[in-house]
Amino acid sequence: MGKTAKKIVETEARPSIQLTLRMPVRGQLREIATSVGIEALLALLEEDRVALCGPRYARAEERTAYRHGTTRGELTLGGRRISVARPRVRSTSGAELLLPTWEELSSQDALDEHAFERMLVGVSTRKYVRTLEALSSELDSRGVSKSSVSRRFIAKAEAQAAAWLTRRLDKVDLAVLMIDGLHVEGHVIVVALGIDTEGRKHVLGLREGATENAVTCRELLSDLQERGLNTARNVLVVLDGAKALLRAVRDVFGSRAIVQRCQAHKTRNVLEHLPEQARPSVRRALQQAYSTERYETALRLLQALQGSLARNHPGAASSLREGMEETLAIKRYRLSEKLARTLSTTNAIENVVGTARAVARRVRRWINGRMVVRWTAVAMIEAEKNFHRVRDHKQLTRFVQQLRADRGGQSPSTRVARAAA
């Protein structure tokens, strides 16, 4: 065979050999990695045993512990429990002594966390085992059945939700409070979102009820007080317009609540009373009023729009008139456009509620209200991981100063201007 022909044969043969060996080699590497890991674990356990008993066969006059053979035990590895032989140590009094390395690695916490994270990102209990890396065939494993994964998730979620719902709020320097409701299978979860004086967002708490009523909201706000949230100072409260929520806020905060009605909700409510052909022009008029910087100018534009609607569309005019000034409350403080836009709607809390809805859609069957609360709480905890500070948060310092000096829903600058007029 010539050199050229030989090179062609070698070149053509090499890829087929690599393809043939690729899968077996991967399996062999997994077996080797697992075997090396188990050997390293046994070496660490032997170090612990030497620290307690001394070197093997060495004499020790003041021995306090001795070797006691091996027994089968379970470790957490790759989202499952595996069975391995572990060394045993007993004290001279006969009591079993735990090896520090084994105590740490045999903890159930890592297994619970593994299942919990998989469930949160949408893996079902039936498909959980498919997300796990294959182990050596020589290892016995368990803890991957549908029921065991479900039990671990429930236990972990219950613990996280309980800790989160009872955490202290003393350190939250509240500037803005937003409240909204989430409907899940006949249950309503009322959620409170706070924005502190540095622009950081916090899901403060939630409360389950049959409807988004004043009692549920009042219980939620009272719970926030009991957990240390300071409600003795003025706070901007952004609501979607529900009268029940407004009543509860007034009961808890009194005149310290400076209420901002969501401009997006108000726009939708007004437009729903209009025929399709009239909606574009009214939407533009509302947008012009809400984008105007000065409170007085924006109020005049809304009043003029209400007057023009009163004859042909009295329902829309009545909807616009209801809470009109509260939709402009933020304009009394002369904020930047970005910050004013953030604080004039409930979009911030609706994004959080949207995360909870996305998580809730993964549940096929709701058993009871406790399950609804548990899933909503873990969804809120997950949402908080992606929180960013509000836009133009540096302006919040001046806004909070004006807000806390406010009396009766008017900033100091507005009161002076109106008195002069």
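The values are calculated or read from the model by the stated rules, or taken from the named source; none is laboratory data. Quick caveat, the model's predicted, so the values are computed rather than measured. Cβ coordinates were reconstructed from backbone atoms using ideal geometry, including for glycine residues, and neighbour counts include every protein chain displayed.
Enumerate the helices (runs of 4 or more DSSP H) found wholly within the range 206-320, keeping only those where 2 or more residues are among the β-branched types (Val, Ile, Thr). Full working, then the answer.
Values: elements: 214-226, 243-253, 263-271, 279-291, 295-310.
In the range 206-320, 214-226, 243-253, 263-271 are the helices (runs of 4 or more DSSP H) which contain 2 or more residues that are among the β-branched types (Val, Ile, Thr).
Give me the pairs: first residue in the range 260-282 and among the small types (Gly, Ala, Ser), second residue part of a helix (DSSP H, G or I), beta-carbon distance under 7 Å, and six or more apart or on different chains, which are they?
So the pair list comes out as 264/347.
Spot the failing condition for residue 160; the list is (1) at pLDDT below 90; (2) among the polar types (S, T, N, Q); (3) farther than 20 Å from residue 380 by Cα, and only one is missed.
Condition not satisfied by residue 160: (3).
What's the number of the condition residue 278 fails, among (1) among the hydrophobic types (A, V, I, L, M, F, W, C); (2) surrounded by fewer than 18 Cβ atoms within 10 Å (Cβ to Cβ); (3) touching a helix residue (DSSP H, G or I) at 6+ places or on another chain (Cβ under 6 Å)?
Answer for residue 278: the failing condition is (3).
Would you be able to say whether some residue in the range 196-208 is small (Gly, Ala, Ser) and more than 27 Å from residue 400 (Cα to Cα)?
Within the range 196-208, the subset small (Gly, Ala, Ser) is 199, 205.
Now drop any that are not more than 27 Å from residue 400 (Cα to Cα), which leaves none.
No, the conditions are met nowhere in the range 196-208.
Go through the range 359-393 and report how many residues are assigned to a helix (DSSP H, G or I) and either touching a residue at least 12 places away in the same chain (Cβ under 8 Å) or in contact with a strand residue (DSSP E or B) (Cβ under 6 Å, 6 or more places away or on another chain) (or both). First the steps, then the outcome.
Initially, the range 359-393 is screened for residues assigned to a helix (DSSP H, G or I), giving 359-360, 369-384, 393.
Next cut, either touching a residue at least 12 places away in the same chain (Cβ under 8 Å) or in contact with a strand residue (DSSP E or B) (Cβ under 6 Å, 6 or more places away or on another chain) (or both) only: 359-360, 369, 372-384, 393.
So the count comes out to 17.
State which residue pairs qualify: first residue closer than 16 Å to residue 252 by Cα and without any contact (Cβ under 8 Å) to a residue 60 or more places away in the chain and inside the range 183-197, second residue hydrophobic (A, V, I, L, M, F, W, C) and part of a loop (DSSP other than H, G, I, E, B) in any location, beta carbons under 7 Å apart, and separation of 6 or more residues or different chains.
If the second residue must be hydrophobic (A, V, I, L, M, F, W, C) and part of a loop (DSSP other than H, G, I, E, B), the pairs left are 194/172.
Would you check if residue 175 is in contact with an Asp or Glu (Cβ under 9 Å, 6 or more places away or on another chain), surrounded by 15 or more Cβ atoms within 10 Å (Cβ to Cβ), within 20 Å of residue 353 (Cα to Cα) and modelled with pLDDT of 90 or more? First the steps, then the outcome.
On the way: in contact with an Asp or Glu (Cβ under 9 Å, 6 or more places away or on another chain): yes; surrounded by 15 or more Cβ atoms within 10 Å (Cβ to Cβ): yes; within 20 Å of residue 353 (Cα to Cα): no; modelled with pLDDT of 90 or more: yes.
No: the conditions fail for residue 175.
Any residue that is among the acidic types (Asp, Glu) and within 15 Å of residue 379 (Cβ to Cβ) - is there at least one of those in the range 175-183? Full working, then the answer.
First pass over the range 175-183, keeping only residues among the acidic types (Asp, Glu): 180.
After this cut, where a residue has to be within 15 Å of residue 379 (Cβ to Cβ) as well, the list is 180.
Looking through the range 175-183, at least one residue is among the acidic types (Asp, Glu) and within 15 Å of residue 379 (Cβ to Cβ).
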